[in-house]
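Peer 1: Sharing a structure here in structure tokens format.
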Amino acid sequence: MEENEEPGHSKAEGVGEVLSEAELEKIGLRNQVSQASLSTKIRKIRCSGSAAKGLLLQFLPILSWLPHYPVKEWLLGDIISGFSVAIMHLPQGLAYALLAGLPPVHGLYSSFYPVLLYFLFGTSRHISVGPFAVISVMLGSMTDSLEPNGKYLEVITGTNKTFVNETRRDAARVELVAAVTFLVGVFQVALGLLQFGFVATYLSEPLVRAYTTAAAIHVLISQLKYVFGISLEEKSGPLSLIYTFVNFCSKLPGTHTGAVVTSLISMVALLLIKMLNDKFDKKLPTPIPIELLTIIVSTGICYGASLNKNFGISVVGDIPNGLRSPEAPNGSYFGQTMGNAFAIAIVSYVLCISLGKIFALKHGYSVDSSQELIALGLSNIAGGFFHCYSISCSMSRSLVQESTGGHSQVATVVSSLIILAIMLKIGELFRELPKAVLAAIVIVNLKGMFKQFEDIPALWRSNFTDLLIWLVTFVATLLLNLDLGLAVAVTFSLFTVIFRTQMPHYSILGQVSTTGIYKDMAEYHKVKEIPGVKIFHSSATIYFANAELYAEALKKKCGIDVNHLIEKKKKALKKKQKKDKKEAKKIAQESGENNPGFVDVEMDAKSQEPEAIAVTGSNGTVKAWDPPNHIQPQSCGKPSLNALGLEKPSIHSLILDFTSVTFVDTVSIKTFKNIFKDFQEIEVDVFLAGCHGSVITQLERGNFFNETITKNHLFASVHDAITYITRNREQSMPQIDTVDYNTNM
């Protein structure tokens, strides 16, 4: 809509003169925008010491902040925060490794190597990177699909019974996940170097929240086998979640009582202490490390009571001490996992950048989206060599890191050193840790994701389209699995954008009282339509997908059947030409056909003359009136509608409000040309108002302007166009009597 005195108005200072775009360009000397050639761009690239330094600081952000690190103010808080995060890393790393289908120790590896790389290359001060449930379950569905248990069944010697060779299976899964992690890192680094950090914008907040909610249900279903102590058949692909749940229900009669009791006790303890942490968060210096206490106590009880031997409760098993030597990823998996790796790369990045921007906004610093891609990518590439799995950031750990006094990624170095000490000396002590306890830790940590169901009523009240995106994403991710579900969600989200541009809100604007403001007449009661003028507005830009709909809506809103009127004019013109031809032949016959060629030409010329209008001036003299320059000229040789006995339209001018148009393409330019042509045919002037400079440039390149469509039809605002139209019509025909002269008199 239009407002008076907005920036870029076209009224001359102190004069009140209204200028068209053509006049503005002459006065303002508009520059012609030209595209620089590739060779010109290459010549502009210069290598200098300052440029090299800036590039280095951008690629290694640690060099810009570590030399200025305020040791006295920040170091103590970072150390405390690092200890708090490490306490969470241990149980979550072990639990999320099982979720990914890997031995628990690989969760510790993933809490160490990638974290150190992010410390060097990351730009967020507060997020805690490492294992995360959503990424773990995405990897878990892939390991179940490509390296299922059935692939490693072996027959017990001397019997018909089979068993799963877990050693071979785990080794293959570690190779698979390491290859995928490396591939995820390659994708992220490539996107970061190409400055493709904006890809996160295609995953809207409703989409991400619905996706993580559906992923939480996948996580929950995958952990039920540990909670109830039963074995389930591994399923993958579409509807795998449904098949797994049906299989779980069929196996419920074989529930292991000890595993259920262990899980329930652990869940109750975790939930109660977490509720206390939330209630007394301002009074407690650090949250009570209930997860760490739970695994220590449960490991001690399981070891002391020999729960594994006496009651058959499944435990973590051997956790080797020390670090494994790096190995190159197995490239044979790359072809099979390309699509999964790309999906994991995008999801992990979106989770990190969204949380990183929240903390950056809160603490007053900026996060470089492309550099975050590079940091995560390098962390994953290094992790691929050291038997880690793909990382992202954890909301729970990040909140702890920020709330316990963490100011920078120095806290992550502290937590990494503690994890290193655990891997070297303490890890083997947790071999008797029950898997049911780890499952309880995973399920309890899903509480925040399940709270996202509250989005549904909120979106119902605020935005129905966002609600549709949420529901489609949730259902698609549940039914089609995590990779296909994400693809369907993104596709549907993009289609909603296209649909909204195809079906924008079209309106006729009217003037608010005597102001220069123009609003939708259907929404505002006290707006008046300018007599003889229609102002048409579209809420979206016009391009190939909606150009035809725009033209149809314009003709409908104007209340004129343009096509029918043009057809009637053609028929009337044809009829008039036949009549003139007969009259010419009759005159030729009456004159004895002395000079038929002369008569035909004369009569034809008279029939083609435009209609003359006589006006009575102030001194009583009658003189011919010529239409002003701003009115589009009628096609040469075609009589007016009145001369053909047709009624003129109720409007004489049409203004197309282009304030919401951000770009045009060849299809829309052709549509605008047709609009000008059609309305010119029925003697209605067309003007464009509020064109952005970039749109004018695109119109020029699309050869929009010609002899009948000039920049005199463009105005900086709707009000300028209205002022121009009313002034010119008043000056051209100032309350005068008009007389139509018949050319055939």
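Peer 1: Compute the distance in nm between two label points, each set 7 Å from the Cα along the Cα-to-Cβ direction, one at residue 276 and one at residue 697.
Peer 2: 6.5
Peer 1: Report, in degrees rounded to the nearest 10, the 0 to 90 angle that the Cα long axis of helix 71-99 makes with the longest principal axis of the chain.
Peer 2: Approximately 80 degrees, to the nearest 10.
Peer 1: Given a Förster distance of 45 angstrom, what is the FRET efficiency for residue 201 paired with residue 165, based on the Cβ-Cβ distance and rounded to 0.05?
Peer 2: 0.45
Peer 1: In addition: State the antiparallel share, in %, of DSSP beta bridges confined to the chain, rounding to the nearest 5.
Peer 2: The antiparallel fraction comes to roughly 65 percent.
Peer 1: Starting from the coordinates of the alpha-carbon atoms of the range 351-477, obtain the Kirkwood hydrodynamic radius over all distinct pairs and give the value in Å to one decimal.
Peer 2: Answer for the range 351-477: a Kirkwood hydrodynamic radius of 18.2 Å.
Peer 1: Moving on. Where the centroid of each part is defined by its Cα atoms, how far is the range 498-567 from the range 300-366 in Å?
Peer 2: One Cα centre to the other: 56 Å.
Peer 1: Along the Cα-to-Cβ line of residue 487, 7 Å from the Cα, sits a label point; which residues in the range 311-352 have backbone N less than 16 Å from it?
Peer 2: 335-347
Peer 1: Run the quick spin-label model on residue 582 and residue 708: label points 7 Å from Cα toward the beta carbon, then report their separation in nm to one decimal.
Peer 2: 3.0
Peer 1: Using a 10 angstrom Cβ neighbour count of at most 11 plus a DSSP loop assignment to flag exposed trypsin sites (Lys or Arg not before Pro), which longest range of the chain is free of such sites?
Peer 2: Excluding the exposed sites themselves, the longest stretch runs over 284-525.
Peer 1: Run the simple label-point estimate for residue 403 and residue 552 please: 7 Å along Cα→C-beta, distance reported in nm.
Peer 2: The two pseudo-label positions are separated by 5.5 nm.
Peer 1: Give me 388, 302, 558 ranked fewest to most by other Cβ atoms within 10 Å of their Cβ, as a rough exposure proxy.
Peer 2: Listed from fewest to most nearby Cβ atoms, that is 558, 302, 388.
Peer 1: Additional query: P(r) for the range 484-602: what percent of alpha-carbon pairs falls in each 10 Å bin, starting at zero?
Peer 2: 11, 21, 19, 15, 13, 12, 6, 2, 1
Peer 1: Something else about it: What whole-number volume per residue, in cubic angstrom, does the convex hull of the C-alpha atoms of the range 46-184 give?
Peer 2: 143
Peer 1: Next question, about the same structure. For the chain, with only Lys/Arg (+1) and Asp/Glu (-1) charged at the beta-carbon, what is the dipole magnitude about the Cα centre, in debye rounded to 20?
Peer 2: 1140
Peer 1: If you line up the long axis of helix 240-251 against the longest principal axis of the chain, both from Cα atoms, how many degrees apart are they, to the nearest 10?
Peer 2: 40
Peer 1: Residue 161: which lysines have alpha carbons under 16 Å from its alpha carbon, excluding same-chain residues fewer than 8 sequence positions away?
Peer 2: Those lysines meeting the cut-off are 151.
Peer 1: In the structure shown, do any of 528/576; 576/677; 357/670; 26/568 have a Cα-Cα gap over 31 Å, and if so which?
Peer 2: Listed pairs above 31 Å: 528/576; 357/670; 26/568.
Peer 1: Using 0.36 nm per residue, how much length does the chain from residue 421 to residue 25 gain when fully extended, once their Cα-Cα distance is taken away?
Peer 2: Working it through step by step, the gained length comes to 135.4 nm.
Peer 1: Could you list, bin by bin from short to long, the percent of Cα-Cα pairs of the chain in 20 Å steps?
Peer 2: Taking all Cα pairs of the chain, the binned fractions are 14, 33, 23, 18, 9, 3, 0 percent.
Peer 1: Once the Cα atoms of helix 435-444 and of the chain are each reduced to a long axis, what angle between those two axes, in degrees from 0 to 90 to the nearest 10, is obtained?
Peer 2: 30
Peer 1: Calculate, for residue 475 and residue 428, the FRET efficiency according to 1/(1 + (r/R0)^6) with r their C-beta to C-beta distance and R0 41 Å; round to the nearest 0.05.
Peer 2: So, using R0 = 41 Å, E works out to roughly 0.40.
Peer 1: Separate question: With runs of 4+ DSSP H residues as the only contributors, calculate the mean residue ellipticity of the chain at 222 nm using -39,500 (n - 2.57) per run, divided by the residue total and rounded to the nearest 500.
Peer 2: -18500 deg cm²/dmol
Peer 1: Moving on to the next point. Can you give the net charge of the other residues whose Cβ lies under 9 Å from the Cβ of residue 527, counting K and R as +1 and D and E as -1?
Peer 2: 0
Peer 1: Determine the shape class of the range 400-451: with a ≥ b ≥ c the square roots of the Cα gyration tensor eigenvalues, call it rounded for a/c under 1.5, and otherwise prolate if a/b is greater than b/c, oblate otherwise.
Peer 2: In terms of gyration-tensor shape, oblate.
Peer 1: Let me ask something else about it. Using a Förster distance of 60 Å, how high is the FRET efficiency between residue 660 and residue 286, based on the Cβ-Cβ distance and rounded to 0.05?
Peer 2: 0.70
Peer 1: Tell me, in nm to one decimal, what length is gained between residue 544 and residue 72 on full extension, where the rule is 0.36 nm per residue of separation less the Cα-Cα distance?
Peer 2: 163.8 nm
The numbers here are math on the coordinates, done by the rules we state, and not lab data. Predicted model, so just to flag it, every value in this text is computed and none were measured. Here Cβ is always computed from backbone atoms with ideal geometry, including for glycine, and neighbour counts include all displayed protein chains.
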